[in-house]
Amino acid sequence: MKKAIVEFQDFSFKYKTQTETTLKNINLTLYQGEKVLILGPSGSGKSTLANCINGLIPFSYEGEITGSLKVAGVETKDASIFELSRHVGTVQQDTDAQFVGLSVGEDIAFSLENRATPREIMLNKVDFAAKAVGMEDFLLEPPFHLSGGQKQKVALAGILHDDEEILLFDEPLAALDPAMGMAAVDLIDKIYREKDKTVLIIEHRLEDVLYRHVDRIILINEGQIQLDSTPDELLRSGLLKEHGIREPLYISALKNAGINLSEMEHLDCIEKLDITGQKQEILNEMNASNSYQAPEKGELLLHVENVDFSYGERKVLSDISFDIYRGERIAIVGKNGAGKSTMAKMLCGIIRPQKGSITMEGTNCLTLSIKEIGRKIGYVMQNPNQMIVKDIITDEVSLALLLNGFTKEEIDKRVADTLKMCGLYPMRNWPVSVLSYGQRKRVTIASILALSPEIIILDEPTAGQDYKHYTEIMNFLEALNRDYHITILFITHDMHLAIEYTDRAIVFADGKCIADDPVFKVLSDTEIIQAANLKQTSLVTLANRAGIDPEAFIRHFIEVERKERAYES
């Protein structure tokens, strides 16, 4: 029988600054050598649970503890955080916040230095850990020179010094493109299998984590454990939608076909899932649907032709051409560093083409100022806190209008109309500081909408958000597109977003535009998927196993999901 490594008994926790208990009467035992996913929507208590395990609670976040929590036999409230760090290694969601060394080697060595490890032993351990994650050639590199995936590897190497029995990963996929995310899941799985560690993963991206097997899933919400079981049992239950968590795409497709999941095994692994008896049901459901109707194109708004751009000697964009039409919903996808954000800055006039041209409604953008372009094209950054500069919602939304010289009467009318459009009018005099992340996102969108742009560019609009908040923001943006014919461009790594909410994908790889097609064509093309560091969706795998053309299957899935959303709204 495996040894208990984490034991919660009647455990509750309340933060010092709050009146309500965050964790409520937790009873949970985790065993040595297990790989466990802690799953839950934002605010569910999953990060608080993790911080209790690694000792940040109560040592960094003060509060009131009742009951017992033992980690490796040590009662956490009686131990020091240094003592607990010998048992639990943590890789944070924001790896930049975790780096302390000036080089990769120094950072990997940090915990060893804290333990006064002799230099000769330390060097051997650093080499061993760096090789384990494939970063042995980067030991002298500054961490800020690394890609998101490389930073994740260095953070992992820093906790691989054979002492910690437990490895804790807090949203390890949040900042990674799809291919890097798969690589991170592979790396965690490799360490789990080869090092006999207990691995705890905190995520809300269920399908991405299930790319490799997990032993148990702990579903937590409102500070309580809702389910502690196998992935299969969770996927058979209706708890995912009930608790605002997105189910895997292939599970949704099977449900759309009316298939009874309770009779199926290996639901957590599309590769092992036996659908021999369900192929005909899937095909019948597809054949019963209406044929695909391509969205109608509006008037031409932007024409990008043979554009080049370089930062110094480094060429970032090469011979880029595409058109954007009124009312379109476009996903701009590709691996990190492919040139997506540079292209977005160029569309907004922040930087200008060094070769080629961008024409907006027949006018060359080189003849227009940033302010003139900004009235037509709005840019919403990934983090709303980097855009908001005023304390009150109304002041924030009116700022761009003030800077553009509108009269008070015009400003008052536009602000009122925009806040109503965004569902923020009842909160117009609220301080921004009391808003949720999703509400702040709406404020940043409202501040752009007040200028009545024809195009809005959103950079990773759903990054780091659970399915509930993701759905709220995306349904809101979909309504803006549908009701006001605003063209929306999403810069995104989220293939679910592309499938569910866009019609067309422009794909970047190594500074070039390698595809510009309907989403279902792009996501069913294996060569494009590989070239752009995207992830082949589980819909392609399911279609191949059912003997159905993947392009037709994804196209059908898109139609079904959109009809269901339209019905629900």
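The values are calculated or read from the model by the stated rules, or taken from the named source; none is laboratory data. Computed from a predicted structure; not experimentally measured. Methodologically, a virtual Cβ is constructed for each residue, glycine included, from the backbone with ideal geometry; neighbour enumeration extends over all protein chains shown. Heads up: the accessible areas ignore ligands, DNA and RNA and are worked out on the full protein's heavy atoms, side chains in. Shrake-Rupley method; radii C 1.70, N 1.55, O 1.52, S 1.80 Å.
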Of the numbered conditions (1) buried (at least 17 other Cβ atoms within 10 Å of the Cβ); (2) at pLDDT below 90; (3) under 30 Å from G327 (Cα atoms), I282 fails exactly one; give the number of that condition.
(3)
Could you grab me the full set of residues in segment 291-320 that are loosely packed, with under 14 Cβ neighbours inside 10 Å and touching a helix residue (DSSP H, G or I) at 6+ places or on another chain (Cβ under 7 Å)?
Y292
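Go over the candidates T502, T537 one by one and state the one that is buried (at least 19 other Cβ atoms within 10 Å of the Cβ), under 18 Å from P461 (Cβ atoms) and polar (S, T, N, Q). Walk me through it before giving the result.
Details: T537 fails: under 18 Å from P461 (Cβ atoms).
Matching residue, one of T502, T537: T502.
Report whether or not D308 is within 27 Å of D186 (Cα to Cα), at pLDDT 90 or above and not aliphatic (A, V, I, L, M). Talk me through it step by step, then tell me what you get.
Numbers: within 27 Å of D186 (Cα to Cα): no; at pLDDT 90 or above: yes; not aliphatic (A, V, I, L, M): yes.
Criteria not met by D308.
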Looking at the structure I just gave you, is S321 among the polar types (S, T, N, Q), closer than 19 Å to I528 by Cα, more than 27 Å from the chain's Cα centre (by Cα) and part of a strand (DSSP E or B)?
yes
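Looking only at segment 235-248, decide whether some residue is open to solvent by 70 Å² or more (accessible area, probe 1.4 Å) and of a type in the set (V, I, T). Walk me through how you get there before you give the answer.
Of the residues in segment 235-248, the ones open to solvent by 70 Å² or more (accessible area, probe 1.4 Å) are 236, 241-242.
Still in the running and of a type in the set (V, I, T): none.
No, because not a single residue in segment 235-248 is open to solvent by 70 Å² or more (accessible area, probe 1.4 Å) and of a type in the set (V, I, T).
Restricting attention to helices (runs of 4 or more DSSP H) lying wholly within segment 1-108, give those where 3 or more residues are out of contact with any Gly (no Cβ under 6 Å at 6 or more places or on another chain), farther than 24 Å from L156 by Cα and open to solvent by 20 Å² or more (accessible area, probe 1.4 Å). I'd like the intermediate steps shown before the answer.
Details: elements: 46-54, 56-59, 81-85.
Qualifying helices (runs of 4 or more DSSP H): none found.
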Quick test of your reading of the structure: Y470 fulfils all but one of (1) at pLDDT 90 or above; (2) assigned to a helix (DSSP H, G or I). Name the failing condition by number.
(1)
